[in-house]
Amino acid sequence: MKNLYPKISNVKRSNKVINILNIISIVISIILIIINYLINKEILWSLICILGIIYVWITTIYSIKKNVNIGSHVIIQVICISALVLGIDYIISYKGWSLKIAIPIILIVANVTMLLLTIVSHKRYYKYALNQIKIFIITAIILLIPVIKLIKFNILYMILAIIALISLILAFTLCGRDLISEIKKNFHI
C-alpha cells in the first residue's frame, strides 16, 4: 500500500547530527592549528585545511536548503571556491595564481554551466538565464582586474570575456522577453 503522506525527517535528530559535526569540525580545526604551531610556524597549512572545512560547511548548509535551483548552487560555488583559492594563495605567500589562473577557469566553467542549463531547461529558460546574468555580472567585475592593472591580461581572461559575452547573448536570444519581465519583477522596475 502506498504511503499518502510524505516522509518527514526527524528534525531533532538532524539538528543533533549537525551540532555533533560542528563540534567535530571545531575540534579538528583546533588540533590542526596546534599541530601546525608545534611542527612548522612559518607555513600556515592549517589555515588552508580550515578554509576547506568552512567551504564544506557553507556548501552543505546551502545544499540542505530546499527549493534552491541548480543555478543558485552554481553562483554560491563560484563565490565560495573563488574565496577559497584566494585564501589559499594568500596563505602560501600570494603568488597570484588565484587571480591569473584559478578564478578565470572557475568563471569559464560557471558561464558554460549556466549556458548549458539555460539551453537544456525546456520552457523555463528565464529561470537559469537570470542566474546567467548574475554570473555575467560577477565575470564583468573580475574582468576589471586586468583593466585596473592588478594583474597582467592573459589568454584566460580573453577566453572568459568571449564565453561570458556569448553566454549572455544566447541567454537573451533564447528568452529575451521572459528575462526582461523577470528582471523587472525582481528589481521592481
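The values are calculated or read from the model by the stated rules, or taken from the named source; none is laboratory data. Just so it is clear, the model here is predicted, and its values are computed rather than measured. Ideal geometry is used to build each Cβ from the backbone, glycine not excepted, and the neighbour counts take in all protein chains shown. When the accessible area is computed, the model is the full protein with side chains, heavy atoms only, and any ligands, DNA or RNA have been set aside. Shrake-Rupley method; radii C 1.70, N 1.55, O 1.52, S 1.80 Å.
Within the listed set Asn69, Asn15, Asn111, the Gaussian network model of the chain (springs between alpha-carbon atoms below 10 Å) gives the highest mean-square fluctuation for Asn15.
For the chain, the 222 nm mean residue ellipticity estimated from helices alone, with every DSSP H stretch of n ≥ 4 adding -39500 (n - 2.57) and the total spread over all residues, rounds to -27000 deg cm²/dmol.
Counting only C-alpha contacts under 8 Å and six or more residues apart, can you give the relative contact order of the chain as a whole percent?
Taking the mean separation of contacting Cα pairs over the length of the chain, I get 17 percent.
Basic side chains Lys and Arg get +1 at the Cβ, acidic Asp and Glu get -1 at the Cβ, and with that the dipole of region 88-189 about its Cα centre reaches some 120 debye. Considering only protein heavy atoms and a 1.4 Å probe, what is the carbon-and-sulfur percentage of the accessible area of the chain? The C+S portion of the solvent-accessible surface of the chain is 72 percent.
Between Leu116 and Cys49, what FRET efficiency comes out of the Förster formula 1/(1 + (r/R0)^6) with R0 = 30 Å and r the beta carbon distance, rounded to 0.05? After rounding, the FRET efficiency stands at 0.35. Taking 15 Å as the straight-line reach from the Cα of Lys134, the aspartates and glutamates in range (excluding those fewer than 8 positions away in the same chain) are Glu182. Comparing mean-square fluctuations of Ile169, Ile138, Ile103 from a GNM of the chain with C-alpha springs under 10 Å, the top value falls on Ile169. On a per residue basis, the chain carries 69 Å² of accessible surface, using protein heavy atoms and a 1.4 Å probe.
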